[in-house]
Every structure is written in C-alpha cells, then in structure tokens.
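The values are calculated or read from the model by the stated rules, or taken from the named source; none is laboratory data. Everything numeric in this text was worked out from a predicted model, so none of it was measured. Methodologically, a virtual Cβ is constructed for each residue, glycine included, from the backbone with ideal geometry; neighbour enumeration extends over all protein chains shown. Quick note on the areas: whole protein, heavy atoms, side chains included, nothing else; ligands and nucleic acids left out. Shrake-Rupley method; radii C 1.70, N 1.55, O 1.52, S 1.80 Å.
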Amino acid sequence: MLCEPFLTSRSESGWDIPLLAWRAEAPLLAVGSAPLGGGIGVRRWVLNATVPMSYDRDDPAAHLAELAHGLDLDGPGVGLLTGVDVTEVVRRTDSGVRVWATVGLGTPVWAAAEPAAAAPDRAAAAPGPAPSAASEPARPAQHVGTVNIVVYVPARLGDAALVNAVATATEAKAQAIWELGLPATGTPTDAVTVLCPADGDPAPYGGPRSAWGAPLARAVHAAVRSGGAGTVVPWSDRRAG
C-alpha cells in the first residue's frame with residue numbers, strides 16, 4: 001500500500017523549499033520515467049520535490065538521492081522534480097486506484113514537434129492546434145512546466161501491464177490537457193510513476209479499457225484537469241512575491 005504523502009521542506013540556498021514524500025508499507029513494484037528510480041523495479045518510497053525555476057543542477061538523480069537521505073528514506077525509491085509548489089498536489093481515487101498529480105502547464109508542446117520547436121528552451125514555438133481543433137481557444141501560457149503523476153494500483157500488474165499503464169496515464173493526461181484548451185500533449189519534462197504490490201497473480205493488461213487501466217485513466221484525467229484548470233504560479237515566483 002502506498003500511503004498518503006507527508007509534506008515537509010528542506011533548507012537549500014537559504015530557502016525552505018517544500019517536498020512531498022510517500023512511504024510504502026511494503027516494497028512495491030514500480031515503473032516510470034522519473035530521473036531517480038525510473039525503469040522497472042522494486043521501490044520503497046516516492047519523492048516529489050519543488051525546485052526554483054532557476055534550477056541548474058546537471059545531476060538531478062544525485063540531488064534527489066541527497067534529499068531522500070535527509071528524510072531517512074531507505075532503500076531504492078523514486079524521485080521527481082518540479083517547479084510547481086508541491087503543496088498544490090491534486091489527489092483523485094477511482095475504484096481503488098489512487099493518483100497524485102502536480103500540474104504545471106507553462107511549456108505546452110506537441111510530442112511530435114519540429115526539431116527546433118521540440119527543444120525545451122523553444123517550447124513556446126510548438127506548432128499550432130490540429131485542424132480539427134482550430135477553433136479551440138488556447139489559454140494564455142503559464143510560466144511553470146512539468147506534470148508529475150504518481151499512481152498506485154492496488155493489484156499486481158504484469159510487466160507488460162505496467163508499461164501499458166504508463167501509456168494509459170499519459171493518454172489520460174493528454175486528453176485532460178486538450179480539454180483544458182491547450183493544443184498540446186504535455187510539457188517537455190513530464191514524468192509518470194505507476195506502483196503496485198510486488199506480490200500476487202499479475203494482471204495482464206493496463207490499457208484504458210482493462211480492469212485496472214480504466215479507473216487509472218479516469219483518476220489521472222480528473223487530477224490533471226483539476227490541477228491545470230487555474231493559473232499555476234511557480235513556487236520561486238510566489239516566494240519572490
């Protein structure tokens with residue numbers, strides 16, 4: 001079981017910067033794209049850490065490991081970074097599937113963009129909406145990017161189902177972003193982590209019409225749509241007043 005996260009902070013560069021941490025009651029099987037603990041493997045904790053928009057470390061995995069050590073999070077875990085204030089995490093539950101999302105949509109891009117537009121520092125140059133949505137008004141761009149999604153499924157998923165669950169979560173995120181009026185599939189720095197019990201008879205499927213993929217998709221969609229509905233101010237901008 002992945003319990004509700006606890007909110008804390010760390011002192012860094014003279015600032016008290018918030019972070020969220022989840023401790024698992026027992027080791028969980030996880031899959032994801034996080035800079036620390038990505039891939040597939042057994043994990044014991046998850047960390048989602050706010051960073052200033054000026055963040056320039058080129059060793060995010062090492063940084064996250066340092067933060068985890070400071071919280072006495074032992075063993076292998078998952079670490080994510082975001083410019084969003086993690087106190088604004090959005091929680092949704094559907095049929096036992098639990099989702100937590102921090103949603104920053106300041107650098108919306110199409111996944112399949114032209115090379116120049118695909119670079120993070122050129123994110124605002126992403127191509128316009130698809131012809132079928134030309135009449136959809138795009139919301140004004142926000143300053144902060146990154147959508148971090150943490151999912152807990154209460155049943156063992158097979159390896160293929162875990163990978164499929166990541167795809168399902170990503171599709172649900174993209175649907176929510178589209179419904180919010182942004183011509184985009186995500187931001188260049190989004191990450192998703194799906195966790196489930198390490199033991200049990202593995203469910204073979206994780207697609208959006210599967211037993212566990214369907215509630216996963218609904219919960220992710222609801223969390224991202226809710227989190228992206230308002231203007232998200234980067235934590236460092238808010239601190240500066």
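Amide H to amide H, which residues 5 or more places from Leu36 or on other chains are under 5 Å from it, using H placed in the peptide plane?
Correct list: Gly79.
Expressed in nm to one decimal, what extension gain is obtained for the pair Asp199 and Arg91 from 0.36 nm per residue of sequence separation less their Cα-Cα distance?
On the way: separation 108, 0.36 × 108 = 38.88 nm, distance 2.53 nm.
That pair, Asp199 and Arg91, stretches by 36.3 nm at full extension.
In whole Hz, with x marking every Gly and Pro, tabulate ³J(HN,Hα) for the range 43-50 from phi via Karplus 6.51 cos²θ - 1.76 cosθ + 1.60, θ = phi - 60°.
Ordered by residue, 3J(HN,Hα) equals 10, 10, 7, 9, 10, 10, 10, 6 Hz.
For an R0 of 51 angstrom, estimate the FRET efficiency from the Cβ-Cβ distance between Thr8 and Glu114 and round to the nearest 0.05.
Working from the Cβ atoms, E equals 0.75.
Looking at the chain, send over the antiparallel percent of its DSSP beta bridges, to the nearest 5.
Of the beta bridges lying entirely in the chain, close to 75 percent run antiparallel.
For Cys196, Cys3, give me the order by solvent-accessible area with a 1.4 Å probe, most accessible first, ignoring ligands, DNA and RNA.
Accessible-area ranking of Cys196, Cys3, largest first: Cys3, Cys196.
Distance in nm between label sites at Ala211 and Ala229, each 7 Å beyond Cα in the beta-carbon direction?
Result: 3.3 nm between the two label points.
Would you mind calculating the relative contact order of the chain from Cα pairs under 8 angstrom and at least 6 residues apart, reporting the percent as a whole number?
Reported relative contact order: 23 percent.
Cα centroid distance between the range 140-206 and the range 30-79, in Å?
Taking the Cα centre of the range 30-79 as reference, the centre of the range 140-206 is 17 Å away.
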